[in-house]
Amino acid sequence: MRLLVTGGLGFIGGNFIRRAIEDDSYSKIVNVDALRYGSDKRNLAELRKNPRYEFVRGDIADPTFVRRRVRGVDAVVNFAAESHVDRSIADPAPFVRSNIIGAYNVLEAVRENGIDMFVQVSTDEVYGPAGAGEAFDEGSRLRPSNPYAATKASAEALAMSYHNTYGTRAIVTRCSNNFGPYQFPEKLIPKTIIRALRGMKVPIYGKGDQSRSWIYVLDHVEALKRVLLKGRPGEVYNIAAWNEVTNLRLVEKVLSLMGKDKDIVEHVEDRPGHDRRYSIDASKIRRDLGWSPEHGFDEALRETVDWYLDNRSWWRPLATKSALHEAPWKPRRRR
Ligand SMILES: NC(=O)c1ccc[n+]([C@@H]2O[C@H](COP(=O)([O-])OP(=O)(O)OC[C@H]3O[C@@H](n4cnc5c(N)ncnc54)[C@H](O)[C@@H]3O)[C@@H](O)[C@H]2O)c1
């Protein structure tokens, strides 16, 4: 299978390619990435000489570029997106461009070329906040409540509409919060680790009582591989590992793994429209595709903390003042 991956120099796409290239069923993996601020050229440097891997720099918001790259592949996995909710609050424009227009361009090229399989990598955030004890399944209503989630929901809707209208073999996956190696320093876990290492306060929005369900990135990657091979076109699959924890508890767990005192946590002004709880039911993918997560939460969290401690040369150039900012959602001046 010749596979085109978009956004493969980012966190999840990079972990996906690193795993997929070990699998002989992919004869070629082409990675298209615009090299936005959250990506890193050094990611996947080890594959540079691998004849089954090719990197092409390009923007999925450019239809001509996308049309050219999609030709001749068997399947496309669309990871490419602006991915940080806080930044979508400060400025939604790049989110609309990459996440909606980009997905549309990829879908058009997939349709034109009659590609066998298209997977849109989406998020549990499209469901919006869950009440206590509630867990959304794939049939639940979508109520995205921040610009990032709204753009992801739009891309999904386009993908499903292409399936219904043109018979495009599209699948949507909705995964919960990922953690693991190579995650950009602006995200909660790496930011906590790096700020703590630098002797800085660790900011937490509001009381820190918002809860999220966490999944180790390699479990997400395995789920996506399973979806590519066995998923049914036109279906949506939730992906989660049932590790629900409040943001404050998570930060305290990370600090404790680092041997740091939790009094370095500093409560800061909450992000507007901050969803209180996300929760999804992932029994469909377990039942229909036989996937289940293999990594325990505490062990994977320990491995992640160790990875950041052991790979300072990876994150040091990325851990800028802006990446480690305590409230990046605050509107910046228009460009
Ligand atoms: N991180 C999570 O917890 C999570 C959970 C569920 C779903 N997702 C989804 O998974 C995907 C990957 O997330 P991530 O955390 O790896 O994000 P990331 O920001 O680390 O990676 C995104 C990659 O996409 C690239 N990109 C952005 N716009 C592009 C464009 N217009 N053209 C080409 N490349 C472009 C960036 O350069 C970057 O390499 C996203 O679609 C995200 O919505 C993420």
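Where a number appears in this text, it was derived from the coordinates with a stated rule and is not lab data. All figures in this text were calculated on a predicted structure; none of them were measured in a lab. Please note: Cβ atoms are built from the backbone with ideal geometry, for glycine as well, and neighbour counts cover all protein chains shown.
Here are the numbers for this structure:
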quantity	calculated
Candidates GLY102, GLY58, GLY231, ranked by Gaussian network fluctuation over the chain, Cα under 10 Å, top entry	GLY58
Tally of Lys pairs whose C-alpha atoms are under 26 Å apart, taken over segment 135-265, 8 or more apart or cross-chain	22
GLU222, GLU326 arranged by Cβ crowding within 10 Å, fewest neighbours leading	GLU326, GLU222
Segment 18-111: projected area of the alpha-carbon convex hull, averaged over directions, in nm²	6.5
Pair THR165, GLU22: separation of 7 Å Cα→Cβ label points (nm)	4.1
Convex hull per residue volume in Å³, alpha carbons only, for the chain	128
Loop GluC sites (Glu not before Pro), segment 127-187 (other Cβ atoms within 10 Å of the site Cβ: 13 or fewer; DSSP)	GLU134
Residues THR246, THR320, THR304, sorted so that the one with the fewest Cβ neighbours within 10 Å comes first	THR320, THR246, THR304
For segment 102-162 versus segment 45-87, the gap between their alpha-carbon centres in whole angstrom	19
Using alpha-carbon coordinates, inclination of helix 11-20 to the longest axis of the chain, degrees	50
Distance between modelled label sites at VAL56 and LYS262, nm, 7 Å Cα→Cβ extension	5.0
DSSP beta bridges in the chain [antiparallel fraction, %, rounded to 5]	10
Kirkwood-Stokes translational diffusion coefficient of segment 222-302, alpha-carbon pairs, 20 °C, 1.002 mPa s, µm²/s	137
Electrostatic dipole magnitude of the chain [Cβ: Lys, Arg +1; Asp, Glu -1; Cα centre; debye, to 20]	1060
Computed over the chain: relative contact order in percent, which uses C-alpha pairs under 8 Å that are six or more apart	18
Over 23 Å [Cα-Cα, segment 74-203], rounded percent	41
Relative pair counts by distance (%), Cα atoms of segment 176-335, 5 Å bins	1, 8, 17, 18, 18, 15, 11, 7, 3, 1
Nearest 10 degrees, 0 to 90: helix 188-197 Cα axis against the chain principal axis	40
Nearest 10 degrees, 0 to 90: helix 102-112 Cα axis against the chain principal axis	20
Environment charge at GLY8 (Cβ cut-off 10 Å; Lys +1, Arg +1, Asp -1, Glu -1)	0
Mean residue ellipticity (222 nm) of the chain, computed from DSSP H runs ≥ 4 via -39,500 (n - 2.57), nearest 500	-10000 deg cm²/dmol
Candidate lysines - alpha carbon under 16 Å from LYS41, same-chain residues fewer than 8 apart omitted	LYS49
DSSP beta bridges in segment 190-335 [antiparallel fraction, %, rounded to 5]	45
Order of LYS187, LYS201, LYS49, LYS152 - criterion: other Cβ atoms within 10 Å of each residue's Cβ, fewest first	LYS49, LYS201, LYS187, LYS152
